[in-house]
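Please read the structure below before turning to the comments.
The values are calculated or read from the model by the stated rules, or taken from the named source; none is laboratory data. This structure is a prediction, so every number in the text was calculated from the model and none was measured. Neighbour counts run over all protein chains shown; Cβ positions are idealised from the backbone, glycine included.
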Amino acid sequence: MFNQKEKNEDNRIGEEAIIEIRDMNKWYGDFHVLKDINVEVKEREVVVIIGPSGSGKSTLIRCINRLEEHQQGDIIVDGIELTNDVRNIGAIRRETGMVFQQFNLFPHITVIENITLAQRHVRRRPKAEAEEIARSLLARVGIPDQAEKYPGQLSGGQQQRVAIARALAMQPKIMLFDEPTSALDPEMIKEVLDVMKELALSGMTMIVVTHEMGFAREVADRVIFMDAGHVVEVGTPDHFFENPQHERTKLFLSQIL
Amino acid sequence: MSDNEQNRPDNYYVSQTEPAAKPPPALETGAIKWIYENLASSILNVILTLIGIAIIWLSITGLSTWIVRDANWFSITANFRNFMLGRYEAAYEWRATWTLFISVFIMGAAVAVWIKQIARTMLISIIIIILSLQLLPPIINATNDLPSWYAGAGNVELAVNQTTEVPFDEIAFIGQAEDEIQIQFASDDIADEEALANLNGFVDNVANQLRNLAGNRLEDIAQLEQWEALVAEHEEALAEGGVPVLTEAQYLEFTDEIADAEIAPPPIDFYNLNQNPVLVEILDAGTLDVVASATLTTPDDVLSLTLPEDGWYILRKTFAVSDVDATTEDETSSDAAESEGFASNEGIALLDVHGIYPSAKRESNIETAFTRRPDGFIIEGPDVTEPVVDGEALPFIDIIRNQYRGDKILQHYLRMYVSPFFTQIGNYTTLLLLTGIAGYWLAELLWAQAGKQTASRFASYGLMSIPVILWVLINGMYLFSVMMWLIFIAMAIASYVLYKLTQRDGLTPLVTIAGGIVVLLGVGVVVNVSGFDLPRLLTVLPLLTDDAAVPRFMIWLGIIFVPLAIYLGNDDHIPGEEVKFNLPLWAGLSLVLFVGAAFALVTNQVTIDTEWALQPSDARDWGGMLLTVMLTVYGIIIAFPLGLALALGRRSDLPLIKYLCTAYIELVRGSPFITVLFFAQLFIPLLSSELSQVPNSYRAIAAVIAFSAAYLAENVRGGLQSLPPGQEEAAKALGLSSWQTIRLITMPQALRAVIPALVGQFISLYKDTTLVSIVGLIDLVGFVGAMVVQAEFIGTRLEGLLFISILFFIPSYVMSYISRLLEASGSGSTRRM
């Protein structure tokens, strides 16, 4: 239904790389999690990262907004190099929204407060403006009438959509999705994927870690396949799914398709 | 298989109608089900139920018997003020009253705002309490009589063992106008020895000894009879060749005892009890005029009168017999004491007196008070003393020598203890409860008129101000003078202006602090130059003249706190938006006052001769419930931020902070509270000479704070650790700073998660404060210890402990009840995603 071709002229993939990861290595203690990662993401590009469990895909995107620290190599987001400088980290985090597998909504405040909290305290928006943005985003993700409820009163799919709205409210340039549908019942996966597709069509730069091959095929501009901490294969969805090159990729695809 | 099914279409079933809901079987609902399931579901359960019933029955009957029959509750009613306030200055008592009323008012509002669901139950309880407080005393007084006072009269000595008792001829007592007095022979009570031994009521020494004589004699007779019976049985058995009942040694011992047994003469006959006419007179103690008199000859004779006015009276009771010749008297009495009795015109009379009761004398350096125990009638004043006749103070009917003897009957219990106690606390409590209702009503009104937010603001700021009010009123504040108010207002205005400035221009905190210092110095200089006769310590002058280190410290503290409050308040500010009431700012300002006052008062250097000042109370005088409340409230309030800081510190990434906090927490948690208490008492004075003047109650508060902060920190840390790591990650990913993450995301959730643990800690802290009695503070337990060494209340420890256990139970239960409500209530926060 949605297709790459439907993206209008303004939303075409840019020339500039908005995320550059160069020769990045990461260890957990002695364990080498990410090995010589070189990834570039262009503006308005949708990149889907797939791979077996433990291949390091979540760790990779968590490095991008410094939820995990890398030990070697460079990560440059929107021209800002990710270093130990708190200001750089803050600046990058303001430009990147993140959606988690477990939603991670704040259970002690209402949905609308979840969405306005960071707007008010980080972006310093007045309450009224923040709430207006929050309500329009809730409408955009299709749950305008749940604003006053607490997260615990919503279904998983609704919670994840709130989480997307919460990230979008900061008006990030990049959205990171860390297995956004893995904790959802099959019935609810679609409602979240629809929101993500809509987002992709609107021209958001997205990096999505997922097992939803349908989504990858339909929406992704590029697919990255990772295994054992390194990037095994990168390609367009058509190329990737129809004609995988690497043995490991073929094995993986044969198991899940 | 499938063929088979197809061949049997009957087997295929489709539900066409939804079955209607039916009521469950009768035995499966209601009380019967409950009783069966909970009390009798198995044999073991039945046994447990029976054991439980037996235990409950035994303890209830045992306890209630003791409460009614044996306990001396005068120890509570007479010491009620001590239990509540200790030796807190009487002149400042109104402050405690005001604090209590303000607190209850605010709590009423809090109920209306947050826990409305209990309002109905509370209202009903309040109505029941008020009604019983107001209605029970008159009902009890109308239907029950006070016990009699039994007094001896006569012209001989009463010999018991080695001591002798002589009836007083004249004895003083306090009386209230309209008291009806009736004096007659105690005839029913001396009908036989049994009755005399079981006499119950207030008794003077003579009556008490008569009672003992009768009782001892009855016991001796019973013992002798037992021996004789055993010996007789033994001899009979021997004679018949049966099995001997006693061993040889026992037999010899018992026969010896029988041979030696001396049974005292029956006291009723021996002392010619009530055989002689008695002249009873009541005199006005001031004029020595006889107000009423009567000669009692027969049991029906009675002296009755209604006292004309409050004051001292004298009861004179003498034998109305012709004078006995002096020599004869001597001979007879010495002979008689050993043989069959006294001459007919000698002896003792036992009078049953209604309307005259023993009283207790309390002397302080200001005044003397005589309190009539059973009904609390009091005569007090600087010049009040017992009447003086012929230059000698007359003995008065004093409760220590006229105690209640015998088993109390329910009637006396109700009339002597319950009714006066209800009267004593009745109006106060009624007013207090009505104040609570007023607070509730006001919050309701606010809610209806100005919305929920206003009402809940009112209640929460009210609750937060209780500790400040408590400190200001109970401790007193010489800072609390007009001038201090001016300075305070100036500071507030200055801070507000600064706050506005920082918002507009985005000044850095450093500039704010600098500005704060300048403003405060300015205020100090202006106030100082303007020529007011300011008390030395109230000015900022100490800053400039290097005088009085502590007040200077306090000012500095203010300088730090105000900008801090501004800075913290500013954290959320959105440029261009209108400034709202800023809680951290005002909390900071209150803290300045509060901490400043605390530190300045620590030295107790200054008293101010202005009538506007609340003079500092001497913290050494705090006692009873007051001390317990101060220890608990400040133990919680001050330990709370400290505990949060320690908890965060222990989770810090900075090793120094982390290990310091860990070391502190483990050290304190590893020592018993009592050692922390002693440490504070003994070590703090060593630190500096100024601190050696710190009253021991402050030192105890410091110990409580230090102790509970460590436990609080661990509770809070537990709450923080129970949060899924995703919460912090999500906050970070949104760009919140770590301080914002703590303040907005983790801490609120962590605290909510550990409410039960926190409340549990507060409750145990409340009870643990009793340990301060060991370091010499007179808290509730300490006072019970002090009480039982008073002559009047020897042996009333159990009464005292039972009473204070109620004082501890009620607030503890309320705390845990409220915590349960908080857990159950709101914010959906107990739900996890």
So, of the residues in the stretch A:151-165 that are at the interface with another protein chain (Cβ under 9 Å from one of its Cβ atoms) and part of a helix (DSSP H, G or I), which turns out to be surrounded by the fewest Cβ atoms within 10 Å (Cβ to Cβ)?
A:Gln153
Quick test for you: out of A:Pro172, A:Pro180, pick the one residue that is buried (at least 24 other Cβ atoms within 10 Å of the Cβ) and outside any helix (DSSP H, G or I).
A:Pro180
Report yes if B:Glu309 is at pLDDT below 85, assigned to a loop (DSSP other than H, G, I, E, B) and either among the acidic types (Asp, Glu) or more than 46 Å from the chain's Cα centre (by Cα) (or both), otherwise no.
no
Could you give me the residue pairs with C-beta distances under 6 Å whose first residue belongs to the stretch B:257-279 and is closer than 19 Å to B:Gly215 by Cβ, whose second residue is part of a loop (DSSP other than H, G, I, E, B) wherever it lies, and which are 6+ apart or on separate chains?
B:Phe270/B:Gly341; B:Tyr271/B:Gly347
Checked the stretch A:118-150 for anything buried (at least 18 other Cβ atoms within 10 Å of the Cβ), more than 9 Å from every other protein chain (Cβ to nearest Cβ) and among the charged types (D, E, K, R); matches are A:Glu131
In the set B:Phe168, B:Phe202, which member is under 26 Å from B:Val68 (Cβ atoms) and not in a helix (DSSP H, G or I)?
B:Phe202
Would you mind finding the one in B:Asn205, B:Asn198, B:Asn216 that is in contact (Cβ under 8 Å) with a residue 12 or more places away in the chain and in contact with an Asp or Glu (Cβ under 7 Å, 6 or more places away or on another chain)?
B:Asn205
Helices (runs of 4 or more DSSP H) enclosed by the stretch B:718-830 - at least 3 residues per element that are away from chain A (no Cβ under 14 Å):
B:755-768, B:780-787, B:797-824
Total residues in the stretch B:699-747, condition under 25 Å from B:Ala663 (Cβ atoms) and of a type in the set (S, T, N, Q):
6
Mind listing whichever residues of the stretch B:255-292 are touching a helix residue (DSSP H, G or I) at 6+ places or on another chain (Cβ under 6 Å), surrounded by 18 or more Cβ atoms within 10 Å (Cβ to Cβ) and of a type in the set (A, V, I, L, M, F, W, C)?
B:Ile268, B:Leu273
So if I check each of B:Leu252, B:Leu230, B:Leu224, B:Leu238, which one is surrounded by fewer than 19 Cβ atoms within 10 Å (Cβ to Cβ), part of a helix (DSSP H, G or I), modelled with pLDDT of 90 or more and of a type outside the set (Val, Ile, Thr)?
B:Leu224
Can you say whether A:Glu218 is under 25 Å from A:Ala17 (Cα atoms) and of a type in the set (Asp, Glu), as far as the supplied structure shows?
yes
Is there a residue being closer than 28 Å to A:Met188 by Cβ, among the hydroxyl-bearing types (Ser, Thr, Tyr) and either more than 9 Å from every other protein chain (Cβ to nearest Cβ) or in a helix (DSSP H, G or I) (or both) anywhere in the stretch A:58-69?
yes
Restricting to the stretch B:439-457, what's the tally of residues that are buried (at least 16 other Cβ atoms within 10 Å of the Cβ) and in contact with a helix residue (DSSP H, G or I) (Cβ under 8 Å, 6 or more places away or on another chain)?
9
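Conditions tested, residue by residue: (1) in a helix (DSSP H, G or I); (2) among the hydroxyl-bearing types (Ser, Thr, Tyr); (3) surrounded by fewer than 23 Cβ atoms within 10 Å (Cβ to Cβ); (4) at pLDDT below 90.
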{"site": "B:Ile674", "(1), (2), (3), (4)": "yes, no, yes, no"}
{"site": "B:Leu682", "(1), (2), (3), (4)": "yes, no, yes, yes"}
{"site": "B:Leu686", "(1), (2), (3), (4)": "yes, no, yes, yes"}
{"site": "B:Ser697", "(1), (2), (3), (4)": "yes, yes, no, yes"}
{"site": "B:Ala700", "(1), (2), (3), (4)": "yes, no, no, no"}
{"site": "B:Ala706", "(1), (2), (3), (4)": "yes, no, yes, no"}
{"site": "B:Ala709", "(1), (2), (3), (4)": "yes, no, no, no"}
Which numbered condition A:Ala118 fails, given (1) in contact with a strand residue (DSSP E or B) (Cβ under 6 Å, 6 or more places away or on another chain); (2) part of a helix (DSSP H, G or I)
(1)
If you scan the stretch A:91-115, which residues turn out to be in contact (Cβ under 8 Å) with a residue 60 or more places away in the chain, surrounded by fewer than 24 Cβ atoms within 10 Å (Cβ to Cβ) and more than 8 Å from every other protein chain (Cβ to nearest Cβ)?
A:Glu95, A:Gln101
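Quick grid of which residues meet (1) at pLDDT 80 or above; (2) not in a loop (DSSP other than H, G, I, E, B):
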residue	(1), (2)
B:Leu279	yes, yes
B:Ile282	yes, yes
B:Gly286	yes, no
B:Thr298	yes, no
B:Ser304	yes, yes
B:Asp330	no, yes
